[in-house]
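Have a look at the structure below, then the notes.
The values are calculated or read from the model by the stated rules, or taken from the named source; none is laboratory data. Keep in mind that this is a model prediction, so the values were computed, not measured. Cβ atoms come from the backbone with ideal geometry, glycine included; neighbour counts cover every protein chain shown. Keep in mind that these areas ignore ligands, DNA and RNA; they rest on the heavy atoms of the full protein, side chains included. Shrake-Rupley method; radii C 1.70, N 1.55, O 1.52, S 1.80 Å.
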Amino acid sequence: MPAETGPTTSEHSIRMQLQRMLNHPEFPATPQRKAFLTYVVEETLAGRADQIKGVAIAMSVFGRDDTFDQQTDPIVRLEARRLRRDIDSYYAGPGRDEPIRISIPKGTYVPRFEEITDGSEAEPEKPAEKRSGLPSSVRRWQLALSVAAVAVCAVLIGVFALLPEYELIGSDNEDLPKGPVIAVLPFTPLGEGPDYVADGITQQLTTELVRFRDLWVLPLGSVARFRHGKSDLSELRSEFGADYVLEGSVSAAVGTLNITARLVDLETDRYIWVHSYDTVSSPKEIYEAQNLITREVIGNLAGKYGILAKEAMNEAARRPPETRSAYDCVLEYYSYQITINLERHGEVKTCVERAIALEPDYAEAWAVLSNLHLQQIRFALGGNRQELFAHAEEAARRAVELDPHSASAHLMQANVRFVAGDLEGFRKSGGKATSLNPNDNAILAHFALRLALSGSWQEGLAIMDRAIALNPVHPHWYHFPWVFYHYERQEYREALSTLDKIKMPDFFWTHLWRTVLNAELGNDASAQEALAELIAQQPELETDIHDMLSVWLLNENFKERLVLSLEKAGLKNKEISEESSL
């Protein structure tokens, strides 16, 4: 077992360990982060651990002066987070047999030293308890946009989301986002492009991005000097650890405005998304266009299946499983959710459970674990239904407690209430989730699916259409409510046409609906082929079909019709056979 050592008794060993780590070619830290680690270790060995504060690190390591403000310049917190990952990666790989482990516990910048007395690897460090300095106050940002046209004056007031204010002195608050760091630069007015439009869209995009709990959006004040290309964008990466920059411009022509938005990957120094919008330059059109552009930019970039998340998923997938962080495991869940290949369910659930063991206060991990429990019920993947439901309910409750402002947490609570048959509670929690982040297409899609299947077809399908419009590269399962809807209306050809657009060959519903719809259309060979695939994937289907349908709160007539369609394709419903023989 690891034994914590005192600096005065093993200074030489600690310094030797530090040098081995710093000099090892597989230690991934940048020179700046190596200097960070050296500084905090040496200060601790010198007996000055109580002086290791964010301001001191910024001035000693990152070249800041005494005007450094942690509220607008998050360099120390960002680099501390990355340094922890560097250290974890080292000890999971080349440093696994080192006699001393150096770490920087969450919630502080003071290092910890552990001697591995039996030659075994140090146990994973348990996260520090949350400090009392969590979001204690909020700041409402208001932007008054004065919009003028040839003979028209109007005032557009944008009231922006509440941004949390953190107590930062001497701590590294772990309730901060875990995902990529993005800087929204002030949009540039070109030629006669109006400043008020550029400023307004910059503020609105920043505000909407802040709603996404897995993005770290740099404060506008900390990136203001990059306006109009006055500074090299690479400085955003070196100074703030930014991963991406969202920039843009506004230009005017006769009677029209052109607004362009671009996302830059700072690691590769390349554009990974560019889009241009044109609008009439009247006050009303400008205001409507600004809202439309904001929705489209956010829909493409943010959310569980946006460009930023997919880039992070690809990066996480390249890491060995044993070195993946809690955030990586949550990304793996959302990657799995794109196709819902049920063969991956077990490994994804194991990873998410590992994430919670690493970080018990990670609300998003608890939220997705809740859905993984429910999927075992939903798709008959084994386990006791009552126990699984209790675990799902507890995980969703825990997620909401840990982060009351998390749309994902409230969504999973809505899903639990849906399975319980509590439609009023489902609507309340689902409404809360969508109000917390109305531009997250994944949140909208989950809520819409259940609204539609429980009988609120028009409401659910309208919300699903919005989710689809927000992100052109949405998961294909977003289209399934339309398959259900067309079947309900006995529009079998329309349903099959929609199903043909859904490229999810390993998903249970794909085979079920291909069986059902071909049977109703008289395509017997296709129906029997699809049924064989369905039973191969779900061998217990003949006895579990009613249980599997019950969790969707479909009306009784719909369920009975669906079972009859399956029987028409050749399914032997053992439940009915056994009941009739009693």
Pull out the extension gain between residue 285 and residue 546, defined as 0.36 nm times the separation in residues minus the alpha carbon to alpha carbon distance; nm, one decimal.
88.8 nm
Could you pull the accessible area for residue 272 with a 1.4 Å probe, rounded to 10 Å²?
30 Å²
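For the stretch 238-283, what is the accessible area per residue in Å² when the probe is 1.4 Å? The partial results should precede the final answer.
On the way: 1940 Å² over 46 residues.
Result: 42 Å² of accessible area for each residue.
Taking every pair of Cα atoms in the stretch 352-431, average 1/r, invert it to obtain the Kirkwood radius, and report Rg/Rh to two decimals.
Details: Rg = 11.9 Å, Rh = 12.3 Å.
Using Cα coordinates only, the ratio equals 0.97.
Report the calculated FRET efficiency for residue 238 and residue 506 (r = Cβ-Cβ distance, R0 = 56 Å), to the nearest 0.05. Numbers along the way, then the final one.
Numbers: r = 43 Å, r/R0 = 0.77.
Efficiency at R0 = 56 Å is approximately 0.85.
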If N is the residue count of the stretch 449-582, its Cα Rg over 2.2 N^0.38 Å rounds to 1.06
Per-residue HN-Hα couplings for the stretch 487-499, Karplus 6.51 cos²θ - 1.76 cosθ + 1.60 at θ = phi - 60°, whole Hz, x for Gly and Pro?
5, 4, 8, 6, 9, 5, 5, 5, 5, 5, 4, 5, 4
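Classify the stretch 451-503 as rounded, prolate or oblate, taking a ≥ b ≥ c as the square roots of the eigenvalues of its Cα gyration tensor: rounded when a/c is under 1.5, otherwise prolate if a/b is larger than b/c and oblate if not. Working shown, then result.
Values: a/c = 2.47, a/b = 1.16, b/c = 2.14.
Oblate shape, in that a/c is at least 1.5 and b/c is the bigger or equal ratio.
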Run the accessible area of the stretch 479-518 with a 1.4 Å probe and give the carbon-and-sulfur part as a rounded percent.
44 percent
Can you sort 354, 344 by solvent-accessible area, 1.4 Å probe, largest first?
354, 344
Can you give me the Kirkwood hydrodynamic radius for the stretch 237-297, using every pair of distinct Cα atoms, in Å to one decimal?
12.9 Å
Quick one: if the Förster radius is 45 Å, what FRET efficiency do residue 572 and residue 19 give, using the C-beta to C-beta distance and rounding to 0.05?
0.05
Report in % the part of the accessible area of the stretch 266-364 that belongs to carbon and sulfur, leaving out ligands and nucleic acids; probe 1.4 Å.
49 percent
Can you compute the equivalent ellipsoid semi-axes for the stretch 395-459, i.e. the square root of 5 times each eigenvalue of the Cα gyration tensor, sorted largest first and rounded to whole Å?
18, 14, 8
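If packing is taken as the mean number of other Cβ atoms within 10 Å per residue, what is the order of 392-399, 552-559, 532-539, highest first? Before the final figure, lay out the partial values.
Values: 392-399: 21.8, 552-559: 13.9, 532-539: 15.9.
Sorting 392-399, 552-559, 532-539 by mean packing, highest first, produces 392-399, 532-539, 552-559.
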To the nearest whole percent, what portion of all C-alpha pairs in the stretch 378-506 is separated by more than 25 angstrom?
30 percent
Show me 296-303, 211-218 ranked by packing, highest mean number of other Cβ atoms within 10 Å first.
296-303, 211-218
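With a 1.4 Å probe and all protein chains kept in place, how do 65, 403 rank by accessible area, largest first? Please list the in-between numbers first.
Working: 65 85, 403 25 Å².
Highest to lowest solvent-accessible surface, that is 65, 403.
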With r defined as the distance between the Cβ atoms of residue 424 and residue 556 and R0 fixed at 30 Å, what FRET efficiency is calculated, to the nearest 0.05?
0.90
